[in-house]
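Take a look at the structure set out below.
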Amino acid sequence: MSMNYSPDSMRTQVQVVADFQFGGGAGAALFPEDCEFILSRTGRIRQVTLGGKRLVTVRAMDGNLTLGIDGALRLLASLPPPAYRVVVLDEVAEFIRQGKNTFAKHVIAADPDIRAGDEVMVVTNDDELLATGSAVLSGREMLLFNYGVAVKVRQGR
């Protein structure tokens, strides 16, 4: 059974997921009219790109979105701080930019609503994007703990 969706219905589908995952309005900010869809062999949405650059990947196991750098930049511009942000010390910014994990002892601020497993953006104190990844700890735990990984970085910038 092949699924023939129009680009509009596919965009609506990923917008609904983004609104659920990141809050109302995130879907519209992430996915403009001219985004493109890469489908799996079974016809499911795997990635959403814009101008050949990855905005998000749809995780097969749960249908949630993982952010690409371009998607994170769009989300960063549309969500007011501290939403889904983990702020780190300037002295570790270069390591995180290279894709290294973010440790709790380097976190200076974090969205208190972050839950372990959430997709997050690692930023500088000036709200400049360094990386995207998956939170290992909740936002509150990131500030309380002095050891261990806070964010498993997926992609640095």
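The values are calculated or read from the model by the stated rules, or taken from the named source; none is laboratory data. As the structure is a prediction and not an experimental result, all values here were calculated from the model. So basically every Cβ, Gly included, is an ideal-geometry build from the backbone, and we count neighbours across all protein chains shown.
Name the residues in region 6-59 that are among the aromatic types (Phe, Trp, Tyr) and touching a residue at least 12 places away in the same chain (Cβ under 8 Å), would you? PHE22, PHE31, PHE37 - these are the residues of region 6-59 that are among the aromatic types (Phe, Trp, Tyr) and touching a residue at least 12 places away in the same chain (Cβ under 8 Å). Checked against the criterion of being aromatic (Phe, Trp, Tyr), within 22 Å of ASP111 (Cα to Cα) and within 17 Å of the chain's Cα centre (by Cα), region 16-31 has at least one qualifying residue. Taken as a whole, the structure leaves GLY63 outside the set of residues that are more than 17 Å from GLN155 (Cβ to Cβ) and either crowded, with 17+ Cβ neighbours inside 10 Å or β-branched (Val, Ile, Thr) (or both). Among the residues of region 81-115, just one is in a helix (DSSP H, G or I), farther than 11 Å from ALA131 by Cα and among the small types (Gly, Ala, Ser), namely ALA104.
If only residues of region 26-63 that are small (Gly, Ala, Ser) and over 21 Å from GLY117 (Cα atoms) are counted, the one that is modelled with the lowest pLDDT is GLY43. Of ALA135, ALA110, all but one fail to be in contact with a helix residue (DSSP H, G or I) (Cβ under 7 Å, 6 or more places away or on another chain) and touching a residue at least 12 places away in the same chain (Cβ under 8 Å); the exception is ALA110.
Of the residues making up region 135-157, those that are of a type in the set (Ser, Thr, Tyr) and within 14 Å of VAL87 (Cα to Cα) number 1.
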